[in-house]
Amino acid sequence: FKNEEEDRDVMVKKVINAVKALHALAKTLRAKRFEKGALSLNKKKIRFVFEDFNSRLSPQGVALERSGEANWLVEEFMLHANCRVGEKVFQFLPKQALLRKHPAPTKIQQMADAAKLFGFEINASTSANLSASLQKYADKPECDTLRFMATLCMQLAKYTHGEESEAVVVSHYALAAPLYTHFTSPI
């Protein structure tokens, strides 16, 4: 029995160390992604608060929540996998590659002009500048509104295959990634 306890303790320590290492790597990947111009358009999510977990019939109220670091860790590795698989598929099977294309927004400057009327300076010339501009207001109550307005300006992402991709540059504007596919399930 003592060996089982020791084995469990050793395993728990290994898991903790592995998750800490993954967290550090995810933070580095995330920082690099945002340096390249990726957008963070996440907004607070509304969730219902119930009397207890099993009682879904009588909500006591609502609460606002944001994704935490555990969510970011999973998201970061999913995005990284999807980018790397997109690159490899396009490298080895360029005509058959099924890629996700997200064009730059066409009306983002109108959003920036509207925000300026309310005292918000938004530089929308690139995804990196838009991201930095929105980040300046992260602690303000209006931040979610600004992010929502930016989201409304976004064009819908669509799939394209390699033959269509050769004539145009494939890129994902919001992720600031040249090649992206859904190798993992969509987030």
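The values are calculated or read from the model by the stated rules, or taken from the named source; none is laboratory data. What you are looking at is a predicted structure, and each value in this text was computed from that prediction instead of being measured. We place every Cβ from the backbone using ideal geometry, glycine too, and count neighbours over all the protein chains shown. In case anyone asks, the SASA skips ligands and DNA or RNA and just uses the protein heavy atoms, side chains included. Shrake-Rupley method; radii C 1.70, N 1.55, O 1.52, S 1.80 Å.
Overview of results
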read-out	value
Selected from Glu35, Glu51, Glu87 as most flexible by GNM, with the chain as the system and alpha-carbon contacts under 10 Å	Glu51
Heavy-atom accessible area per residue - the chain, 1.4 Å, Å²	68
Dipole in debye (nearest 20) - the chain, about Cα centre, beta carbon charges: Lys, Arg +1; Asp, Glu -1	340
Separation between Cα centres of region 130-149 and region 91-113, rounded to whole Å	22
Segment Lys36-Leu152, extension gain: residue separation times 0.36 nm, minus the distance between their alpha carbons	39.5 nm
Given charges at Cβ of Lys, Arg, Asp, Glu: region 70-140 dipole, positive-most of Leu79, Gln109, Pro94	Pro94
For the chain, calculated [θ]222 nm from helices alone, where every DSSP H run of n ≥ 4 adds -39500 (n - 2.57)	-16000 deg cm²/dmol
Residue (of Ser127, Leu146, Leu175) at the positive-pole extreme of the chain, dipole from beta-carbon charges	Ser127
Within the accessible area of region 57-187 (1.4 Å probe), percent carbon and sulfur	60
Value of relative contact order over the chain, rounded to a whole percent, pairs C-alpha under 8 Å and six or more apart	31
Cross-link pairs beyond the 28 Å C-alpha cut-off, checked among Lys27/Lys107; Lys32/Lys88; Lys32/Lys140; Lys27/Lys95; Lys36/Lys136	Lys27/Lys107; Lys27/Lys95
Whole-Å semi-axes of the ellipsoid equivalent to the chain (Cα gyration tensor, √5λ, descending)	34, 28, 17
³J(HN,Hα) computed for each position of region 20-28 - Karplus, 6.51 cos²θ - 1.76 cosθ + 1.60, integer Hz, glycine/proline x	5, 5, 4, 4, 4, 5, 4, 4, 5
